[in-house]
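We did not get these values from a lab; they are worked out from the coordinates using the rules stated. Remember, it's a predicted structure, so these values are computed and weren't measured experimentally. A quick note on method: Cβ atoms are made from the backbone with ideal geometry, for glycine too, and the neighbour counts reach across all protein chains shown.
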Amino acid sequence: MSRKRHQRHPLASVGLHLALALAAVIAVFPPFWLLVTSFKPQNDAFTTGLLSHPTLANYTHVLADTAFLTWFGNSVVIVGLTTVLGVFLSATTGYAVSRFRFPGMRPLMWLLLLTQMFPVAVLIVPLYNLMATLGLLNQPAGLVITYLTIAVPFCAWMMKGFFDTIPVEIDEAGRVDGLNPFGTFWRLVLPLARPGLAVTGFYTFVTAWAEVAYASAFMTGEDNLTLAGGLQTFVNQYTNDWGSMTAAAVIIAVPAALVFAFAQRHLVAGLTAGTTKG
């Protein structure tokens, strides 16, 4: 009996599942080994065995004997401001270019795309000079502005695509009820854009939380460091404390995991809607 046209051969199915299982192992192994290493004594950090003598000494040292909590607080302030401002600017920009036609709109959209083409290595020197001229080095505001330049252009494009999927009739109904354009945006359109806002907030959060290059270049002095800069104090040319490094990395990953868990139900819908007409 001939095999149905779209029926997969058993060997092909086995091969596909083996490939997916291998990919899953490759993806999960690095964070798993990071977690395992964080519970190892300092002398066992490079051993290939699992937890023969588990200990919380690395976590205790990081939290009690270093400035980790100061770095954590600095990061929370910077990331919080970046996320709130990034979501607001991305949503208002995306709504404006989705609903209104004005001179220079198309060049503006292309400019937003062009800003994503330059790598960090090219931008870090001119941005450093600009921040130095403005007196924003070692200031949270300097990092917030820098992270907004990274996150807002991409998120504005994504939010435009999402707003394009919301019927214009909703805006017209708002104007009939006497709302101004911002009132229509804030009270009627924005509540319908929650999935897109969730994606924007998550992307902006991750951009600021995980960024290393700008944080290391713009912030100096132990009390001014963020988590990204603080991690580098554990392993550098002078010290080699891998136990503390892995323990700190695990702690840093927890907030990102919580934010992802909170936003994940909106992520697929937001990303799909944002690319439908973007």
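How far is helix 10-38 tilted off the main Cα axis of the chain, in degrees rounded to 10, range 0 to 90?
Tilt relative to the chain: about 60 degrees.
Quick one: angle between helix 68-99 and the longest Cα principal axis of the chain, in degrees between 0 and 90, rounded to 10, please.
20
Can you list which of the chymotrypsin sites (Phe, Trp or Tyr not before Pro) found in the stretch 36-108 are DSSP loop residues with at most 16 other C-beta atoms within 10 Å?
Sparse-neighbourhood loop chymotrypsin sites (Phe, Trp or Tyr not before Pro): Phe46, Phe100.
If each DSSP helix of 4+ residues adds -39,500 (n - 2.57) and the sum is divided by the residues in the chain, what number results at 222 nm, nearest 500 deg cm²/dmol?
-23500 deg cm²/dmol
Take the eigenvalues of the Cα gyration tensor for the stretch 58-276, scale each by 5, and report the square roots as semi-axes in whole Å, largest first.
37, 20, 14
Which residue, Ala19, Ala208, Ala253, tops the fluctuation ranking in a GNM of the chain built on C-alpha contacts under 10 Å?
Highest fluctuation of the listed residues: Ala19.
Measure nothing but the geometry: give the 0 to 90° angle between the long axis through the Cα atoms of 140-164 and the longest principal axis through the Cα atoms of the chain, rounded to 10°.
50
Taking the chain as a Gaussian network, where each spring joins two C-alpha atoms under 10 Å apart, which residue of Ala27, Ala248, Ala193 fluctuates the most?
Between Ala27, Ala248, Ala193, it is Ala27 that shows the largest mean-square fluctuation.
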